[in-house]
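Novice: Before I ask anything, let me first share the structure, which is written out below as structure tokens.
The values are calculated or read from the model by the stated rules, or taken from the named source; none is laboratory data. Because the structure is predicted, anything quoted here is derived from the model rather than measured. Cβ sites come from the backbone with ideal geometry, for glycine too, and all protein chains shown count toward neighbours.
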Amino acid sequence: MEDDIPPGSWNVNGKRQWHYQVSESDWNDWRWQFRNRITTVEQLERFVPLSEQEKTQLRLVSQKYPFSITPYYLSLINFDDPHDPVRRQSFADFDEVAMANYGEADPLDERDDSPVPGLVHRYPDRALFVITNICPLLCRHCTRKREWEDGNWVRPKAELDACIDYIRRTKSIRDVIISGGDPLTLSTPRLEEIVRKLRAIDHLEIIRFGTRFPVVLPQRIDDEFCEMLDKYGPIWLNTHFNHPNEVTSEAGRAVRNLLRAGVPVNNQSVLLKGINDSVETQLNLVHALMRIRVRPYYLFHADNVRGTEHLRTSVWKGIEIIEGLRGHTSGLAVPTFVVDVPGGGGKIPLQPNYLLSMTDDELILRNYEGLVFRYRNPRPESASVRGGAASPKEETARPLVEVMTARVQRRRETANKA
């Protein structure tokens, strides 16, 4: 079969030919891939047959919500399937503007939790560091879709330094997530400058990257990048596979490179209507991830973001999927289903109801097969035995309550000023 493929064309996953005239060295160069992103209807119709109505709608939607697709990610699409899961994640959809009355621009109130531009400090011990709004792929379900309307930007050095200074002064922060956009759009030397300054902060224990590059442009995970990560560990990486079709040999190679550099890789999927909202698809996804040694970490209910309503499922669908996974695969492969609630309330895990009732003496539990069991509940230690002292849990909870109360008060004061 390979002899029939014209020079410079690509046989994608051994399934179909995708005729893109490019040398092998260019195709495997992430910079070439990034420079040649498909961002206009004219570029897109070179590869995908589009009707006049589709072209008109694409142009209309992209005026508000632009699109960007790497040649690699485009090559994963089965163009004969209008409902292809990769296509639906990356092609602008007319429903993005037709259903514009649904959702909010910033449903998680990230701006209200930003003590300095570029840093979201919502949880006491960790912070989100947003260094750019640029991505190789503009995912149609993006939580920060609001940022697309401002054009491409990379945070200037003065703002980056202000964020790092805040982290340095805030001793409670032990974990920083470098995010965007996608932080890996910056060159490795620029990323190293940021990581080096963060690693110099004594109380900062963990640095994480939030990136979709292993999925949409795995060529970015090259030797230079991995060697840099290895110098400043412990560094973790969270990525974002949504469908088993995205778990390719190239993606597996990128993950292996990260693991060899001592970087654990976790996956954060988003539950998307018509893309991965079935037990079968999610089971295939988590098994594919385990095969390339990526831990399924979170399954997010899609956020209430303006321009994404057509991709959102009910919350019950996520609970149904977790119930369909639990007991039918290894517990290591079952992600935690979470809802990131409005108002900056953070992530709340939701699980099927396995606890039917509970007393001081026993619990009534249901297993994954629907069978019901009684479980003896040991008597809790009495306060008199503890000498009336507060438990360690109570002692550590008190400062957290004070922190969260202060946050609520701050939001009220901000709202009153507005």
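Novice: Given the criterion in contact with a helix residue (DSSP H, G or I) (Cβ under 7 Å, 6 or more places away or on another chain) and aliphatic (A, V, I, L, M), identify the matching residue among V154, V120, V130.
Specialist: The conditions single out V120.
Novice: Something else about it: Among the residues of the stretch 361-394, what is the count of those that are modelled with pLDDT of 90 or more and acidic (D, E)?
Specialist: Residues meeting the conditions: 2.
Novice: Determine, yes or no, whether T143 is at pLDDT below 95, not acidic (D, E) and not assigned by TED's automatic domain parsing to the domain that holds I69.
Specialist: Yes, satisfied.
Novice: Could I ask something else about it? Being over 16 Å from the mean Cα position of the chain (by Cα), in contact (Cβ under 8 Å) with a residue 40 or more places away in the chain and part of a loop (DSSP other than H, G, I, E, B) is the filter; apply it to the stretch 173-206 and report the residue that is farthest from R122 (Cα to Cα).
Specialist: The extreme case among them is L186.
Novice: Taking the conditions exactly as written (assigned by TED's automatic domain parsing to the domain that holds H287 and touching a Lys or Arg at 6+ places or on another chain (Cβ under 7 Å)), does I164 satisfy them or not?
Specialist: For I164, the condition - assigned by TED's automatic domain parsing to the domain that holds H287 and touching a Lys or Arg at 6+ places or on another chain (Cβ under 7 Å) - is met.
Novice: Give me the residue from the stretch 113-151 that is over 20 Å from the mean Cα position of the chain (by Cα) and of a type outside the set (D, E, K, R) and, out of that set, surrounded by the most Cβ atoms within 10 Å (Cβ to Cβ).
Specialist: P124
Novice: Using the structure shown, decide if P296 is over 15 Å from L325 (Cβ atoms), touching a strand residue (DSSP E or B) at 6+ places or on another chain (Cβ under 7 Å) and at pLDDT 95 or above.
Specialist: no
Novice: In this structure, does N257 turn out to be in the same structural domain as D182 (by TED's automatic domain parsing), assigned to a loop (DSSP other than H, G, I, E, B) and of a type outside the set (F, W, Y)?
Specialist: In short, no.
Novice: Got a sec? Which of H141, H121 is over 20 Å from D182 (Cβ atoms) and either touching a residue at least 24 places away in the same chain (Cβ under 8 Å) or not in a strand (DSSP E or B) (or both)?
Specialist: H121
Novice: Listed residues F225, F209; which is in a helix (DSSP H, G or I) and among the aromatic types (F, W, Y)?
Specialist: F225
Novice: Across the stretch 329-367, what is the number of residues that are more than 30 Å from D113 (Cβ to Cβ), under 28 Å from the mean Cα position of the chain (by Cα) and touching a residue at least 24 places away in the same chain (Cβ under 8 Å)?
Specialist: Looking only at that region, the number is 5.
Novice: If you check F79 against the conditions, is it among the hydrophobic types (A, V, I, L, M, F, W, C), touching a Pro at 6+ places or on another chain (Cβ under 9 Å) and surrounded by fewer than 19 Cβ atoms within 10 Å (Cβ to Cβ)?
Specialist: The answer is yes for F79.
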